[in-house]
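Engineer: One structure is given below, represented as structure tokens, and several questions about it will come after.
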Amino acid sequence: MSTAARAETAPLSDVAIVEAYLTASMIPDPDAAAAYVAPGTVITFTGGREFGHPRGPTAFNAKRYRWVKKRMDRFDVCPCDGETVVYSFGTLYGEWKDGTPFEGNRYVDRFVVRGGQIVKMDVWNDSAERILVQHGIDA
């Protein structure tokens, strides 16, 4: 069997699953992103908001940003007892709702991957802090 044929049938690595999920989320295409998520997955977003489908964070982001993308700088991988914790570190860039561009907004996403699917996701970023500064509140 050729290397190309093996690559087509080989399962995605846990990092590749997370990266594919994030890439689909940034389009944004929450239904494509959902292909990487197990039923019953909880996505805990900034501020403790919980969603059961990638449509939730997409709808939330639409209220906060005109558009937003992730510059994925690094993935840290921690395999443990049949599942893998994958951290994605980087920065957000895009436009706030008023059209003001931004970049360098730090984020950390934590994923638990089991059996080739994301079963939990936690999201943290500096957007709330930046919004406070925009409104003259230096918290």
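Engineer: So what is the 222 nm mean residue ellipticity for the chain from helices alone, if each DSSP H run of at least 4 adds -39500 (n - 2.57) and you divide by all residues, rounding to the nearest 500 deg cm²/dmol?
Structural biologist: -8500 deg cm²/dmol
Engineer: Dipole magnitude of the stretch 92-139 about its Cα centre, charges +1 at Lys/Arg Cβ and -1 at Asp/Glu Cβ only, in debye to the nearest 20?
Structural biologist: Charge dipole of the stretch 92-139: 340 debye, to the nearest 20.
Engineer: Would you order GLU83, GLU103 from fewest to most other beta-carbon atoms within 10 Å of each residue's own beta-carbon? Can you show the working numbers first?
Structural biologist: On the way: GLU83 14, GLU103 10.
Ascending Cβ contact count within 10 Å gives the list GLU103, GLU83.
Engineer: Quick one: if you stick a label point 7 Å off each Cα along the C-beta vector at ASP76 and ILE131, how many nm between them?
Structural biologist: The answer from the label model is 2.7 nm.
Engineer: Could you check the spin-label model distance between LYS97 and ALA16? Points 7 Å from the Cα along Cα→Cβ, value in nm.
Structural biologist: Label-label distance for LYS97 and ALA16, simple model: 4.0 nm.
Engineer: How big is the dipole moment of the chain about its Cα centre under a simple scheme where the beta carbon of each Lys and Arg is +1, that of each Asp and Glu is -1, and everything else is neutral? Debye, nearest 20, please.
Structural biologist: Charge dipole of the chain: 260 debye, to the nearest 20.
Engineer: Relative contact order for the stretch 12-134 using alpha-carbon pairs under 8 Å, separation at least 6, rounded to a whole percent? Working shown, then result.
Structural biologist: On the way: 234 pairs, mean separation 30.2, N = 123.
RCO, the stretch 12-134: 25 percent.
Engineer: Could you give P(r) for the stretch 12-134, binned at 5 Å from zero, as whole percent values over all Cα-Cα pairs?
Structural biologist: Distribution as computed: 2, 11, 22, 26, 20, 11, 5, 2, 1, 0 percent.
Every number in this text was worked out from the coordinates using simple rules, so none of it is lab data. Note that the coordinates shown come from a computational prediction; the quantities given were computed from them, not determined experimentally. Positions of Cβ are backbone-derived with ideal geometry, glycine not excepted, and every protein chain shown enters the neighbour counts.
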